[in-house]
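Notes follow once the structure below has been shown.
Here, each number is a calculation from the coordinates, and none is a lab measurement. Keep in mind that what you see is a predicted model, and the values were worked out from it rather than measured. Ideal geometry is used to build each Cβ from the backbone, glycine not excepted, and the neighbour counts take in all protein chains shown.
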Ligand code: HMG
């Protein structure tokens, strides 16, 4: 029977673990062994990880893989990917290799604006609020000068502050809608600090604005927070080639493949049930690189899916066309990423991942991440429209199934060979392993 606990956060790590294993596990010693098995032997590294979050009891491993051969704007990259799902890294690698001989990926950053908002309530004359806003605006900038100084010296800062009337949606509701340029930083702390200062200044200055009545002076700040919806922090990645160059095998011509591929993308553009899965495949690539480079994949996910619904219907993030014998496949996606601050200087594997990518700027990372998404989608659609997804996916999943059945190294070797010419399924692996164990063949 579970029980609640007060003061858990104040316990030592050892005591937290004792409480967890005693409260929740029938075999507390076994649970403790598993928890400790994943501690780093280097105490400093373990302490670093303990301190990333709160109430840490152990580490949760994800594999870090690499996908080589990405030619992006003429420069070769090997892309780091942190992900638990088999076949994603292989698919990205295969797509990279395919486009390596066909001109590679072309990318461009379209815009880099990030948004934050102060949400507030005001009950009174909108014209007076507008006048107040114009009058207080210079002070909003000057009161945040100490926060923006360094960012401005690097070329960034606050780029616009707008007053927005949202009273059609909620009575009395207005916003300060603020645009920021945060350069190589994701910028969450910078943006939130600026917004909280705006809120203070706005509320305080309202007290002495002589056009306001006593009631109008009582501006109520609801909250001040950045937005993870960043439709103007946009990057584009594209591949293209002559249709006949798409053909790789005798089984399908370049024309037939291009036609089917474009149909598959068109379906994802109009059919939300398909679009969600289509975009999930894109996010396989995007999240894996975002995670490997120490960025916030929850923020990216939320922003990307909002963008996919911006026209009122959830739709594909990628697009494809065939015109004048040329196949074109591209993605436009909002990505607010950072290559300084946050985990980038702290997590040893994030540092390693960024060095592998030649220490990219945030703009360069946006392009690399968009490419990972496009490549992933290309690989998935290529499989879906030709062999079906299961063939390649199950081929990569074989090792997981063998591990589930406790296969030893020799069994793995024999069965990997066997399944080069047989279809992988859970049942087929189980039968083949049983046969191998009982007959040795
Ligand atoms: P294949 O043709 O059997 O692979 O493809 P291959 O053995 O001929 O090797 C060709 C290249 O693929 C290799 O070149 C590698 O680049 C890569 P090489 O290194 O030999 O010069 N590759 C590998 N890389 C690392 N480790 C491996 C490996 N094997 C091949 N073990 C493959 C096999 C799985 C790549 C192919 O079938 C494929 O791309 N399938 C798509 C898989 C996929 O999309 N997985 C994502 C998970 S499914 C999902 O969640 C999304 C989905 O629902 C989205 C949607 O619906 O749109 C599908």
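Across all directions, the average flat footprint of the convex hull enclosing the Cα atoms of region 114-226 is 6.6 nm². Legend: ranking of residues 4, 9 from fewest to most surrounding C-beta atoms inside 10 Å; resulting order 4, 9.
In this label model, residue 405 and residue 439 are separated by 1.4 nm, measuring between points 7 Å along each Cα→Cβ vector. Here 29, 238 are placed in order of increasing Cβ neighbour count within 10 Å, fewest first, which gives 29, 238.
The label-point distance for residue 127 and residue 179, in a model that sets each label 7 Å from Cα toward Cβ, rounds to 2.9 nm. Short-range pairs are left out: with C-alpha atoms under 8 Å and at least six residues apart, the relative contact order of region 393-439 is 50 percent.
Kindly identify region 22-159 as rounded, prolate or oblate by the Cα gyration tensor criterion: order the square roots of the eigenvalues as a ≥ b ≥ c, call it rounded if a/c is under 1.5, otherwise compare a/b with b/c, prolate if a/b is larger, else oblate. Working shown, then result.
Details: a/c = 2.73, a/b = 1.36, b/c = 2.01.
Because a/c hits 1.5 or more and a/b fails to exceed b/c, region 22-159 counts as oblate.
Short-range pairs are left out: with C-alpha atoms under 8 Å and at least six residues apart, the relative contact order of the chain is 17 percent. Anisotropy class assigned to region 228-329 is prolate, per the alpha carbon gyration tensor with a/c at or over the 1.5 cut-off and a/b larger than b/c. Only helices enter the 222 nm calculation for the chain: every DSSP H run of n ≥ 4 contributes -39,500 (n - 2.57), and dividing by all residues gives -15500 deg cm²/dmol, rounded to 500.
In a fully extended conformation the segment linking residue 159 and residue 351 would gain 66.1 nm over its present Cα-Cα distance, using 0.36 nm per residue. Extension gain, residue 421 to residue 340, is 24.4 nm, computed as 0.36 nm per intervening residue step minus the present C-alpha separation. The long axis of helix 254-270 is offset from the longest Cα principal axis of the chain by roughly 40 degrees.
Is region 393-439 best put as rounded, prolate or oblate by its Cα gyration tensor, with a ≥ b ≥ c the root eigenvalues, rounded for a/c under 1.5, and otherwise prolate when a/b is larger than b/c, oblate when not? Rounded.
Considering all C-alpha pairs of the chain, those separated by over 28 Å amount to 63%. Using the Cβ-Cβ distance between residue 263 and residue 51 with R0 set to 45 Å, the FRET efficiency works out to roughly 0.30. Model label points for residue 309 and residue 167, set 7 angstrom from Cα along the Cα-to-Cβ axis, are 2.9 nm apart.
Provide 421, 227 in ascending order of the number of other Cβ atoms located within 10 Å of each residue's Cβ, fewest first.
Least crowded to most crowded, the residues run 421, 227.
Protection proxy ranking, highest mean first, for peptides 424-430, 317-323: 317-323, 424-430, where packing is the per-residue count of other beta-carbon atoms within 10 Å, averaged.
Return, ordered by residue number, the residues of region 123-151 whose backbone nitrogen is under 18 Å from a label point located 7 Å along Cα→Cβ of residue 208. 132-145, by backbone N distance to the label point.
Shown here is the pair-distance distribution of region 299-441: with all Cα-Cα distances grouped in 5 Å bins from zero up to the longest one, the shares run 2, 8, 12, 12, 10, 11, 13, 13, 11, 6, 3, 1, 0 percent.
The value obtained for region 8-50, namely the Cα convex hull volume divided by the number of residues, is 71 Å³ per residue. For a Förster distance of 51 Å, can you work out the FRET efficiency between the beta-carbons of residue 152 and residue 271, rounded to the nearest 0.05? The formula returns an efficiency of 0.65 here. Against the chain, whose longest principal axis is taken from its Cα atoms, helix 272-292 shows a tilt of about 90°. Relative to the longest principal axis of the C-alpha atoms of the chain, give the angle of the C-alpha long axis of helix 362-385, reported between 0 and 90° and rounded to the nearest 10°. Once rounded, the angle reads 40 degrees. If R0 equals 25 Å, the separation of the Cβ atoms of residue 256 and residue 390 corresponds to a calculated FRET efficiency of about 0.75.
Determine the relative contact order of region 315-441: mean sequence separation of Cα pairs under 8 Å and six or more apart, normalised by residue count, in whole percent.
Reported as a whole number, the value is 16 percent.
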